[in-house]
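Report on one structure; see the data block that follows.
The values are calculated or read from the model by the stated rules, or taken from the named source; none is laboratory data. Keep in mind it's a predicted model, so treat the numbers as computed, not measured. Cβ atoms come from the backbone with ideal geometry, glycine included; neighbour counts cover every protein chain shown. Each accessible area value is taken on the protein alone, full model and side chains, heavy atoms only, with ligands, DNA and RNA left out. Shrake-Rupley method; radii C 1.70, N 1.55, O 1.52, S 1.80 Å.
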Amino acid sequence: MMIASLMMYLRPETADATARYWALIREGLIARGIPAPAELANDSSEFEVWRAPDLVLGQTCGMPYRLWLHRQVTLIGTPDFAVDGCPSGYYNSAIIVRKDDPRATPEAFDGACFAYNQTFSQSGYAAPYAALKPLSVWFDRRLQTHSHRAAAQAIASGAADIAALDAVSWRLIARYEPCAEQLRVLMHTEPTPGLPYIAGPTANAQTTFEAVREAINNLNETDRETLGIKGLVAIPKSAYLAIDNPPDTPTEIP
């Protein structure tokens, strides 16, 4: 059974635009002889989607891709969200704190409570570790939230002090979440390759890339602005595999 999912940046406010985006991708795939499901399986679990042998199109985080998926899936391409300060197709993390927190430097947050979505998240865990550990800052007190949105809410509520959010997720949180008014960016991490589109192991990477690129080009301006997608970039597998992992990275799929 074919499956496709575009769950990674999905919110209620972006759901309709995402559905129209998928309709354009599907049209392009079918025109190129690639069958594709009518509906996205965005309610399926992430690993169920990522590991499906009949995955037509999905999106994963760079860290699960380099840890577990790169030998099992076909790398299609990376959407470009035009993140400030980053090359095309790259992104970074916004390290956020409460707006009224008087601490002004990363070093001042040594010993704070760190909120994170998953230990296998590039933006939520690996990127802040790479940015902060050289400053002799890391966190014994940690709160797992399972999503960037919940991490932002944890900071705003005082349940935690600091978190790292995917720059695209932070863009959407700042646009739609009331809690964003209570938050500020302390710093940004260095750019790394963005969240890649993937497909099953037998997928035709070039043909699928062309269908997705055409769909992006055919988005109407309202949907393009809602989704923030500007293009599709071919970032090589080697760029994803070159990123370092924190020492407590999980070795097995959760």
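Solvent exposure of Arg98, expressed as accessible area, is near 40 Å², computed with a probe of 1.4 Å over the protein chains only. Among Ile162, Ile198, Ile235, the residue with the largest mean-square fluctuation in a Gaussian network model of the chain, with springs joining Cα atoms closer than 10 Å, is Ile235. Principal semi-axes of the equivalent ellipsoid, √(5λ) from the alpha carbon gyration tensor of the chain, are 32, 20, 15 Å from largest down.
Relative to the 2.2 N^0.38 Å rule of thumb, the stretch 86-166 has a C-alpha radius of gyration ratio of 1.02.
The peptide list 244-254, 85-95, put in order of mean Cβ contacts within 10 Å with the highest first, becomes 85-95, 244-254.
Per residue of the chain, the DSSP helices (runs of n ≥ 4 H) give a summed -39500 (n - 2.57) that works out to -8500 deg cm²/dmol at 222 nm. For the stretch 60-133, the Kirkwood estimate of hydrodynamic radius, built from reciprocal distances between every pair of different alpha carbons, is 14.5 Å. Peptides 127-137, 221-231, 151-161 ordered by packing proxy, namely the average of other Cβ atoms within 10 Å per residue, highest first: 151-161, 127-137, 221-231.
Per-residue surface analysis assigns Glu13 an accessible area of about 80 Å², computed on protein heavy atoms at 1.4 Å probe radius. Average accessible surface for the stretch 33-178: 39 Å² per residue, computed with a 1.4 Å probe over protein heavy atoms with every protein chain in place.
Once all protein chains are placed together, Trp138 keeps about 40 Å² accessible to a 1.4 angstrom probe.
According to the calculation over all Cα-Cα pairs in the stretch 1-122, the P(r) per 10 Å bin from zero is 10, 33, 33, 15, 7, 2 %. Normalised by the number of residues in the stretch 32-161, the mean separation of alpha-carbon contacts (under 8 Å, six or more apart) gives a relative contact order of 21 percent.
Taking 10 °C and 1.306 mPa s as the conditions, I'd like the Stokes-Einstein D for the stretch 175-254 in µm²/s, using the Kirkwood hydrodynamic radius from alpha carbon pairs. So the translational diffusion coefficient is about 95 µm²/s.
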